[in-house]
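The structure appears right after this line, and notes come after that.
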Amino acid sequence: MPVGFRVYLKRSMPPEELIEAYSKLSTACIADCMGRLCALHPRIKLVSSPKNVMAGAALTVKTRSGDNLMLHKALNLCTAGDILIVANGGDETRSLLGENMVALALQKHVSGIVIDGPVRDIASLCKTSLPIYANGTTPGGPYKEGPGEINVPISCGEISIHPGDVIVGDADGVIVIPIADASEILKAAQTFALKDAEKLNRSKAGTADSAWVDKTLQEKGCEIIDDIFP
């Protein structure tokens, strides 16, 4: 088997109703229910103008730095609802995607594209409704030589991602929910979202209870000094 240059055609997939439920939650709410260890590095930012939260199943792509041959193959393989998520070896010098590939992705009805690398044609991409996340822009184009892999475990934005994991993104960024834990985390996030909405209402009304701050400081041994610094 040519490890490093292979394509797996199958992957485990989360139920559609699970994806639909996640699309109604914010990334911050979900992340707070996962030990706050699930977010891609903030260098990977939203560059398009979607109207809704991005949620879908990961179709993972591992490319050679600055090469998008396997991303083209992934676009040919993807189906409606997929999120293409691309590991690019940390390269920031060559764009992996532009408006032509985005047009194809829109025709395939993918739910989003996440690239730990640059894109180009940003004047067009910033107007599209397809959620696109990237670490920057450059007019410099990619190689198309390979190697690379599709539907294998990858690391994107310092987070481990397996094919079929649930990917959620909004204006704050992108998070990853392991498929094996997705049902349990969803229940916790839905409960958390209700409590968070109540907390926000209290903050807006000026009735929020912040006594926990002083209590925590006291428990941690912080000294409160009623005097001027000498």
message = Please compute the modelled spin-label separation between Asp226 and Tyr143, points set 7 Å along Cα→Cβ, answer in nm with one decimal.
response = 6.9 nm
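Using only alpha carbon pairs under 8 Å that are at least six residues apart, calculate the relative contact order of the range 57-185 and give it in whole percent. Working shown, then result.
Working: 301 pairs, mean separation 38.8, N = 129.
With pairs under 8 Å counted, the relative contact order is 30 percent.
Nearest 20 debye, what's the magnitude of the dipole of the range 1-73 about its Cα centre given +1 on Lys and Arg Cβ and -1 on Asp and Glu Cβ? Could you put the intermediate results ahead of the total?
Values: 11 positive and 5 negative charges, 75 e Å.
For this selection, approximately 360 debye.
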ask   = Looking at the range 113-162, which trypsin sites (Lys or Arg not before Pro) are DSSP coil and have at most 13 other C-beta atoms within 10 Å of their C-beta?
value = Lys127, Lys144
task = Can you find, among Gly89, Ala188, His72, the residue farthest towards the positive end of the dipole of the chain? Put +1 on the C-beta of Lys and Arg, -1 on that of Asp and Glu.
result = His72
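Provide the percentage of antiparallel DSSP beta bridges, counting only those with both residues in the chain; round to the nearest 5. Provide the component values of the computation, followed by the final result.
Working: 18 of 36 bridges.
So the antiparallel bridges in the chain amount to around 50 percent.
Among rounded, prolate and oblate, which fits the range 37-141 when a ≥ b ≥ c are the square roots of the eigenvalues of its C-alpha gyration tensor, a/c under 1.5 means rounded, and a/b larger than b/c means prolate?
Working: a/c = 1.19, a/b = 1.17, b/c = 1.02.
Rounded shape, in that the Cα axes give a/c under 1.5.
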ask   = Mind listing which trypsin sites (Lys or Arg not before Pro) in the range 171-229 are in a DSSP loop and have 11 or fewer other Cβ atoms within 10 Å?
value = Lys220
ask   = What length, rounded to one decimal in nm, is gained on full extension from Arg202 through to Glu92, with 0.36 nm per residue of separation minus their alpha-carbon distance?
value = 35.2 nm
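State the number of lysine pairs found in the range 86-211 whose Cα atoms come within less than 29 Å, restricting to pairs 8 or more positions apart or on distinct chains.
Numbers: Lys108/Lys127; Lys108/Lys144; Lys127/Lys144; Lys187/Lys195; Lys187/Lys199; Lys187/Lys204; Lys195/Lys204.
Total qualifying Lys-Lys pairs in the range 86-211 comes to 7.
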Relative contact order of the chain, pairs being alpha-carbon contacts under 8 Å that are 6 or more residues apart, as % = 28 percent
message = So, for the chain, what is the accessible surface per residue at a probe of 1.4 Å, expressed in square angstrom?
response = 55 Å²
inquiry  = Of the listed values (i) 19.0; (ii) 18.2; (iii) 17.3, identify the label whose number matches Kirkwood radius over Cα pairs in Å calculated from this model.
reply    = (i)
message = Need the full-extension length gain, Glu20 to Ala80, defined as separation in residues times 0.36 nm minus the C-alpha distance. One decimal, nm.
response = 20.3 nm
ask   = Given the Cα-Cα distance of Leu37 and Lys195 and 0.36 nm per residue of separation, how much length would full extension add, in nm?
value = 54.8 nm
message = Between Lys187 and Lys108, what is the label-point separation in nm under the 7 Å Cα-to-beta-carbon projection?
response = 3.5 nm
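The values are calculated or read from the model by the stated rules, or taken from the named source; none is laboratory data. Since the structure is predicted, the reported quantities are computational estimates derived from the model, not experimental observations. Using ideal geometry, Cβ is built from the backbone for each residue, glycine included, and neighbour counts are taken over all protein chains shown. Heads up: the accessible areas ignore ligands, DNA and RNA and are worked out on the full protein's heavy atoms, side chains in. Shrake-Rupley method; radii C 1.70, N 1.55, O 1.52, S 1.80 Å.
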